[in-house]
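These notes are about the structure you will find just below.
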Amino acid sequence: MEVLLDKLYEQNELDKEEIVYFLQHLTAELKDRLFHLAVQTRKLHYGGSVFLRGLIEFSSFCKQDCLYCGLRRSNTSAERYRLTEEEILECAEEGYGLGYRSFVLQSGEDAYFTEARMIRLVRSMKVRFPDAAITLSIGERSEAFYRALFDAGTDRYLLRHETASRSLYQSLHPGMSYENRVNCLHILKDIGYQVGAGFMVGLPGQTCEHLAEDLLFLKELHPEMIGIGPFIPHSATPLKDAPGGKVEDTLVMIAMARLLVPDALMPATTAMGTLDPTGREKALAAGCNVMMPILSPLSVRRKYALYENKICMGDETAICRSCIEMRIVAAGYKLELSRGDHCRFTGIPGETQSGEDCFKHVSE
Ligand code: 5AD
C-alpha cells in the first residue's frame with residue numbers, strides 16, 4: 001500500500017488493478033496520508049487559493065430522464081421555472097458587485113434556450129462583465145452549438161461524464177448514449193474550452209472497479225475541472241430508496257483524482273455540504289480548490305432540486321458570499337476572486353499556453 005501511495009504521489013499514476021487494490025485496502029491512517037499528499041499536490045499548482053464561481057441556475061426544465069436526478073422530465077412534482085435574460089443578468093450583476101469574476105450558467109437540458117438565445121445571453125454577459133469568465137453547464141448539444149457558443153465568448157463548459165462504466169451509464173440514462181457523452185467532452189476540448197468532467201460516488205450498482213474506471217477516464221481526458229460529489233437519492237425518482245453516497249468515500253475519490261490529475265480545478269461540491277455541515281471544508285482538506293456559491297434568485301432556488309435538502313436555500317447572495325469567505329479563511333485558505341483560469345490557460349488572452357503540464361510552484 002505504501003508503494004502504491006508513493007507511486008500515486010510521485011508519478012501521478014496507477015493502473016486499474018492498483019487503484020482497486022488500493023481502495024479495498026485503505027486504512028484510516030493511509031487515508032490521512034492520502035489526503036495530506038493530495039493537499040501538497042494542490043499547493044504545487046495553485047498555492048493556498050480557493051477560487052469562487054457564482055452559480056446561476058437559470059432553468060429547471062429538462063428533456064432528459066436521468067434516474068437519479070430530481071429535474072428528470074418524468075418528475076411531474078418538480079416545479080419548473082425559467083429565468084429571463086434580464087433576471088440572469090441581474091443575478092450576475094449582484095455577484096459582480098460582490099467581487100465575483102467567474103460565473104457558471106447552469107440549467108437542465110432545456111430546448112427553449114436555443115443556440116440563438118444562448119449566444120445573446122453569453123454576449124450580453126461578456127459586454128456587461130468583460131473581465132469575468134463565463135462557464136456553461138447545459139448538457140449535451142451539437143458540435144455546431146458548442147462552436148458557436150465558444151465563438152460568442154464562452155470560456156468553459158461543465159459536463160460531468162457521471163460514470164465511465166458504459167453499462168452503468170446506460171442503465172441510469174434512458175434514451176442517452178455513453179458514446180455521445182464522451183464525444184461531447186472530446187469536442188469541447190478540441191474547440192478550446194476549459195472543460196469540466198466528473199462523476200457521482202455511491203450510485204446504485206457502482207463498484208470499486210467502476211470508480212477506478214472513473215479515475216482513469218479523468219486521467220486520460222485531462223479535463224481542466226473535475227467535479228466529484230456523493231449521489232443523494234431524491235424521493236421523487238426511481239432511485240429514492242437507494243442508500244446514496246458517503247462523504248468519506250467521496251473524499252477518497254477527490255484525493256485520488258487530485259493525485260492523478262494534479263493541475264485540475266476541483267470544486268468542493270454543494271452535495272458534500274448537504275450531507276455534512278463541514279463536507280466542503282473536508283473536501284478542501286482532500287485536495288479541492290474551488291467553491292461555487294449559488295447566485296440564483298431566492299424565489300427559484302428550491303425549485304432547482306437535483307436532490308433534496310440542498311444547503312444555502314434561504315441565504316441572500318451577500319450572506320452566501322460572506323459565509324463562504326468565512327469558511328475558506330477559517331480553514332486557512334486564501335479567497336481568490338479572479339477569473340480563476342486553469343493554469344494552462346493563464347497566459348495573455350488569445351495566447352493560451354498549450355503545454356501538457358504547468359507546474360507553477362506558487363508561494364504560500
Ligand atoms: N445527487 C447528487 N448529485 C446529483 N446530480 C444530479 N442529480 C444528483 C443527485 N441526486 C449531479 C450530476 C449532474 C450535476 C449537475 O449534479 O452529476 O451532472
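Got at least one residue in region 290-309 being over 24 Å from Arg72 (Cα atoms), surrounded by fewer than 18 Cβ atoms within 10 Å (Cβ to Cβ) and of a type outside the set (S, T, N, Q)? No: region 290-309 contains no residue that is over 24 Å from Arg72 (Cα atoms), surrounded by fewer than 18 Cβ atoms within 10 Å (Cβ to Cβ) and of a type outside the set (S, T, N, Q). Taking the residues in region 60-103 that are within 16 Å of the ligand (Cβ to nearest atom) and small (Gly, Ala, Ser) as candidates, determine which candidate is most open to solvent (accessible area, probe 1.4 Å). Among them, the one singled out is Ser77. For region 173-206, a residue qualifies if it is open to solvent by less than 20 Å² (accessible area, probe 1.4 Å) and either on the phi > 0 side of the Ramachandran plot or of a type in the set (S, T, N, Q) (or both), and the qualifying residues are Gln194, Gly198.
Does Ala285 satisfy the criteria of being within 19 Å of Leu335 (Cβ to Cβ), of a type outside the set (Asp, Glu) and surrounded by fewer than 22 Cβ atoms within 10 Å (Cβ to Cβ)?
Working: within 19 Å of Leu335 (Cβ to Cβ): yes; of a type outside the set (Asp, Glu): yes; surrounded by fewer than 22 Cβ atoms within 10 Å (Cβ to Cβ): yes.
Answer is yes for this residue.
Looking only at residues in region 243-263 that are aliphatic (A, V, I, L, M) and without any contact (Cβ under 8 Å) to a residue 60 or more places away in the chain, the one that is farthest from Asp190 (Cα to Cα) is Val247.
Looking for something within 13 Å of the ligand (Cβ to nearest atom), open to solvent by less than 20 Å² (accessible area, probe 1.4 Å) and not aromatic (Phe, Trp, Tyr) - is there at least one such residue anywhere in region 118-132? Within region 118-132, none of the residues are within 13 Å of the ligand (Cβ to nearest atom), open to solvent by less than 20 Å² (accessible area, probe 1.4 Å) and not aromatic (Phe, Trp, Tyr).
Taking region 248-274 as the range and being within 12 Å of the ligand (Cβ to nearest atom) and β-branched (Val, Ile, Thr) as the test, the residues that pass are Thr250, Thr269, Thr270, Thr274. Looking only at region 155-213, residues that are of a type in the set (Lys, Arg) and touching a residue at least 40 places away in the same chain (Cβ under 8 Å) come to 3 in all.
The set of residues in region 141-172 being within 12 Å of the ligand (Cβ to nearest atom) and either surrounded by fewer than 17 Cβ atoms within 10 Å (Cβ to Cβ) or β-branched (Val, Ile, Thr) (or both) consists of Thr163 alone. Of the residues making up region 323-332, those that are open to solvent by 60 Å² or more (accessible area, probe 1.4 Å), part of a helix (DSSP H, G or I) and out of contact with any Leu (no Cβ under 7 Å at 6 or more places or on another chain) are Met326, Ala330.
Would a scan of region 290-302 turn up a residue that is of a type in the set (Lys, Arg) and over 17 Å from the mean Cα position of the chain (by Cα)?
In the first step, residues of region 290-302 are kept if they are of a type in the set (Lys, Arg); the result is 301-302.
Subsequent filtering for residues that are over 17 Å from the mean Cα position of the chain (by Cα) retains 301-302.
Yes - at least one qualifying residue is present in region 290-302.
Hey, could you check region 3-40 for residues that are of a type in the set (Asp, Glu) and not in a helix (DSSP H, G or I) and say which is nearest to Val290 (Cα to Cα)?
Selected residue: Glu13.
Can you tell me which of (1) under 23 Å from Val290 (Cα atoms); (2) basic (Lys, Arg); (3) within 16 Å of the ligand (Cβ to nearest atom) is the one Lys240 doesn't meet? Evaluating Lys240 over (1) under 23 Å from Val290 (Cα atoms); (2) basic (Lys, Arg); (3) within 16 Å of the ligand (Cβ to nearest atom) leaves (1) as the failure.
The condition of being crowded, with 24+ Cβ neighbours inside 10 Å, under 15 Å from the mean Cα position of the chain (by Cα) and more than 27 Å from Tyr193 (Cβ to Cβ) holds for only one of Leu251, Leu265, that being Leu251.
The values are calculated or read from the model by the stated rules, or taken from the named source; none is laboratory data. Values in this document were obtained by computation on a predicted structure and should not be read as measured data. Methodologically, a virtual Cβ is constructed for each residue, glycine included, from the backbone with ideal geometry; neighbour enumeration extends over all protein chains shown. Surface accessibility is based on the protein's heavy atoms, side chains included, excluding ligands, DNA and RNA. Shrake-Rupley method; radii C 1.70, N 1.55, O 1.52, S 1.80 Å.
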